[in-house]
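Quick notes on the structure that follows.
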Amino acid sequence: MEIKTKILIICAVLLGLIGYGITAIHFGLEQRTVDLFEAEEIHEGRPYELLQEVSAQFSRKTPHLYITKNYFFNAAHIPSSTSPLRLRRGKIVISREVIDYFDEQALRGVYAHEISHLIEDPVLNPFFPTRKTLPFEIETDRRAAAYVGFETMQATLRAYEELTHLSWWHKHSEHFPSDPSGTWMGDAAFREFRDEIRQRLDALITAYAKQL
């Protein structure tokens with residue numbers, strides 16, 4: 001066997017081992033994320049059926065859907081799945097508050113936004129995750145609107161705004177139970193999230209008006 005061939009084989013093996021190591025680290029991180037929010041996967045019910053419908057609009061496999069009971073955790077995406085054979089599906093983690101409070105149209109927008117993230121985010125990216133800046137979120141809303149419509153995304157952002165106010169009121173109500181998990185937003189974070197939602201909504205309305 002020629003030396004060049006041996007070198008190529010060794011390089012291929014090393015790259016394979018590095019790739020496997022990065023994959024293992026990433027899968028461990030994503031599972032820790034699910035565990036952190038005490039999320040449980042669901043495979044049936046109307047929320048899951050809506051996710052299947054929205055996924056079909058994107059011509060994608062339905063992501064794994066996890067529900068968390070943690071307060072004020074709205075929704076997030078995890079690009080990969082725990083099995084290498086299911087990398088393309090990804091995960092969506094969503095709070096019970098959103099499931100209970102949002103109507104079907106608003107929930108469709110949540111799914112569309114997170115699926116848009118799944119499309120854009122690299123599958124194996126544990127060390128350099130995509131930074132979720134406001135412009136990035138605005139662009140994600142626009143991409144999602146291309147599949148489910150601007151009206152749906154507007155309904156989602158308005159529902160988030162309403163839920164934010166409701167959650168803040170609960171936090172400051174003496175009748176509301178304490179949060180043992182410590183996941184409540186502080187007032188500064190609350191205002192930041194509220195302002196972000198408003199800016200995203202304004203940007204979406206502006207983009208929609210330009211298309212009329």
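Check whether at least one residue in the stretch 149-165 is of a type in the set (Val, Ile, Thr) and modelled with pLDDT of 85 or more, and report yes or no.
Looking through the stretch 149-165, at least one residue is of a type in the set (Val, Ile, Thr) and modelled with pLDDT of 85 or more.
Among the numbered criteria (1) outside any helix (DSSP H, G or I); (2) at pLDDT below 90, which single criterion is violated by Ile18?
The number of the failed condition is (1).
Mind telling me which of the residues Ser55, Ser95 ends up being at pLDDT 65 or above and closer than 23 Å to Arg194 by Cα?
None of the other options fit; the residue is Ser95.
The values are calculated or read from the model by the stated rules, or taken from the named source; none is laboratory data. Everything quoted here is computed from the prediction, not taken from an experiment.
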